[in-house]
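Step one of this worksheet: look at the structure below.
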Amino acid sequence: MGENNRRVSGQLYILVSFTPWIIYWVLTGFVGGFGVVLAFTSSFAIIFIGLFRRGLGLMDIVTALYFLVAFIAVFFFDLNVFIERSGFLGYLTLFVMAVFSLAIKQPFTFQVSKRDYPEVYWRDKLFIAINNVVTVVWGLVFLVNASIYILLEPPLTIVLSNIFVAVGVAFSVIYPVKAPARQYYKEFKKFDWRVEVDLKRSREENEYDVIIVGAGIGGLTCGALLAKKGYKVLVLEQHYQVGGFCSSFTRKGFVFNSGVEDVSGLWEKGPVTHLLSELGLRKEELFVKNTRRVIYKGRAIDIPNSFDQLIELFKNMFPEEEKSIDAFFSEAKKAYEECYKEVPLYGSPLPAELIVRVMGEKKLLDYPKEHPHFYDWMNKTYKQKLDEYFKNEDLKTLLCSLLGYIGSEPEKISAASALTASLSYFIYGGYYPRGGAQNFANILRKFIEDRGGEVLLMHRVNKILVDSGRAVGVRCGDKVFKAPIVVANANAKKVFLELIDEEHLDKNFMEYIKSLRMSPSAFMVFLGVDMDLSSYPTIIVDLDSEIHITINSNADPSLAPKGKASVTITTLANYHDFPERGTREYVEKKRKLAEELIQKAEKIIPGLSKHIVVQDAATPKTLERYTLIPEGAIYSFDQSIDTKRPYFKTPVKGLYLVGASTFPGGGIEAVVISGTTCANDINNWRHK
């Protein structure tokens, strides 16, 4: 770091590199050969300083060679062409240098830019492309100026050449700022409309400021934040309770969650922590930290909640990887914390297009500099990042043990996704909702209702109403509700293929929506057992059997009768492997798979099958039935690097998306981020 701080900045460096040329062009017209001597001397002084500081560039080398040749030609061969044609020969040489640098794929401006930007930029394709363009522009400037000195006479040559140099300088300053912004914002710009809402206006019956379709955590988060700011909010939910996958049900005194059991984003600067703070809620009253065990190759590994103890555990297990483990987790923690730098300001991390929209073009250019570790994770797969540090395949497998929370393989997901949605549980832990997942959803509902909002259950939206390209409300059966803003907390395929008339949507956009692949679903077995399982951790991840066991009552004893336990066994599942609901084949498949999961769990919890008091199961088709998400996809769309999720703003003005369909994806923390982002945008990013 110290060496970088002592480096000359790029702008100063380019000025220094041009000094011999400035001396040459200015002085040769007045003092002839003496100008060549000074230019020659200064060019080699720059070479010497560059070698000493290890900062020599192509332009420095070409400059020194040119003036060496000029010095020999003038003083040993009495050739005055280097004096009489100084402008033409100088600019022609620089043009050839620029072309050569492009030919060898080392644009000369890249060497300059490396002085102003840390190493994380140097491998970035966009950064290299920008330098290619800037080098091409400088090459054209050099060629044009060489032509000027051939075709024109002073003082026009001096005036025009300086004008073109000024153009090159201006382009070099402006383009690197504009290019990344244009790259990431140009597509989003088509969707970046604004709908202003007058909170003081009089409203008709069944008219609201914002209508939210679906009461998942993304929609409830958005609704709660808007209700706090005075918006009249209506939430419409087709189910008999709110929450989506963050809901619970009870069987004979045993409480089970329909999905949510391990929540991230609850560390000091986490988005869920920020949401609770905004709403005046206490984390300690709503969540409890999970205990965790991973089973791999028959060995039960209890994961410490202390980050330092976790590192020591891995070092004891893999002593040959000790230095790599220290380095990996040190970088991972730095990268993770960099990801959340914007949370104190906006409540969530921002995608590139919103950095441009909210924080400005320069902020996007500076993002890698200000988030160097996280930016590196963004541009690699998780497999690449693991291979970068480790050789032991068992260690890599353990560090992939929670990738079920993403639903994809390490070679198919970005390292950044693995960091925030999987590895983060090792760094800061995961949390279980006290009282069951339903409790958290109900509290958000109550917050909305306490501030004048309405939450209507058993209200399935049949149509999102659009007039002249703008959302104007929704229809539920024979009821119509009006609002200038509609927030769809539903799967994007459901929204665009079923709830909006096709005439309002672009054909290419529709093809894109149809092409999106769904994420995996899950098969879940819910067991109430008359066993005391308090000696087990809350969460057990069995990599050998590919099951995930949650003992709900270990996180919160109120979720089971005293002395008994509420247990959920989960495995990822493919929707298309299950017959139609209600058929004999479906019932048999469900029964058989439930038995298989119970047998697998019994290897971990002996005697489990003999103590079952309550048993139920959910297939992907069950999940689809209750959430209306196609294929019962637990993360909405595929979360690999092959899938680009839809923007949270849609082609229909006034229609937003929240939830797992949009950035950043599935999981409670992720949908809280989506809801926070949406609320911020509706409120035009005003914080007071």
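Each reported figure results from applying straightforward, stated rules to the coordinates on display, with no laboratory input. Only a predicted model underlies this, so the values are computations on that prediction, with no experimental measurement involved. Cβ sites come from the backbone with ideal geometry, for glycine too, and all protein chains shown count toward neighbours.
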Segment 12-111 - Debye-derived log10 I(q)/I(0), Cα point model, q = 0.11, 0.12, 0.17, 0.22 Å⁻¹: -0.31, -0.37, -0.73, -1.13
Sorted by Cβ neighbour density within 10 Å, fewest at the top, the residues Val62, Val159, Val658, Val495: Val159, Val62, Val495, Val658
Segment 28-46 and segment 595-642: distance between their alpha carbon centers, rounded to Å: 79 Å
Dimensionless Rg ratio for segment 521-627, taking C-alpha atoms and the 2.2 N^0.38 Å reference: 1.07
Counting all C-alpha pairs of segment 2-185, share separated by more than 28 Å (%): 26 percent
Kyte-Doolittle mean at least 1.6, axial Cα span of 15 Å or more - DSSP H helices of the chain: 33-53, 58-76, 86-103, 125-151
Sites Val165 and Leu68, calculated FRET efficiency, Cβ-Cβ separation with R0 25 Å, nearest 0.05: 0.55
Cα-based reach from Lys190 at 16 Å (exclusive), listing lysines while leaving out same-chain residues under 8 positions away: Lys507, Lys649, Lys653
Cα principal axis extents for the chain, largest first, Å: 105, 68, 46
DSSP beta bridge pairing in the chain, given as percent antiparallel to the nearest 5: 70 percent
Extension gain from Tyr296 to Asp530, taking 0.36 nm per residue of separation minus the Cα-Cα distance: 81.5 nm
Straight-distance crosslink candidates among aspartates and glutamates, where the alpha carbon sits under 16 Å from Lys592 and sequence neighbours closer than 8 are dropped: Asp577, Glu580, Glu602, Asp616
Segment 449-524 and segment 116-149: distance between their alpha carbon centers, rounded to Å: 46 Å
Per-residue Cβ neighbour rank within 10 angstrom, fewest leading, Phe18, Phe663, Phe76: Phe76, Phe18, Phe663
Distance histogram for segment 380-515 (every C-alpha pair counted, 5 angstrom bins, percent rounded to whole numbers): 2, 8, 12, 12, 11, 11, 12, 14, 9, 5, 3, 1, 0
Entries in Lys200/Lys228; Lys178/Lys333; Lys283/Lys600; Lys341/Lys363; Lys297/Lys610 that, when Cα-Cα distance is taken, lie over 24 Å: Lys178/Lys333; Lys283/Lys600; Lys297/Lys610
Stokes-Einstein D (µm²/s) once Rh is taken as the Kirkwood radius of segment 219-340 over alpha-carbon pairs, at 4 °C in 1.567 mPa s: 71 µm²/s
Extension gain, Arg584 back to Trp193 (0.36 nm per residue minus Cα-Cα distance, nm): 135.7 nm
Cβ-based exposure ranking for Ile673, Ile158, in which fewest neighbours within 10 Å come first: Ile158, Ile673
Relative contact order computed over the chain (Cα-Cα under 8 Å; 6+ residues apart), in percent: 16 percent
Lys369/Glu204 FRET efficiency (R0 56 Å; Cβ-Cβ; nearest 0.05): 0.65
Part-to-part distance (alpha-carbon centres) for segment 234-260 and segment 304-343, which is given in Å: 36 Å
Efficiency of FRET from Cβ geometry, Val288 and Ile104, R₀ 51 Å, rounded to 0.05: 0.30
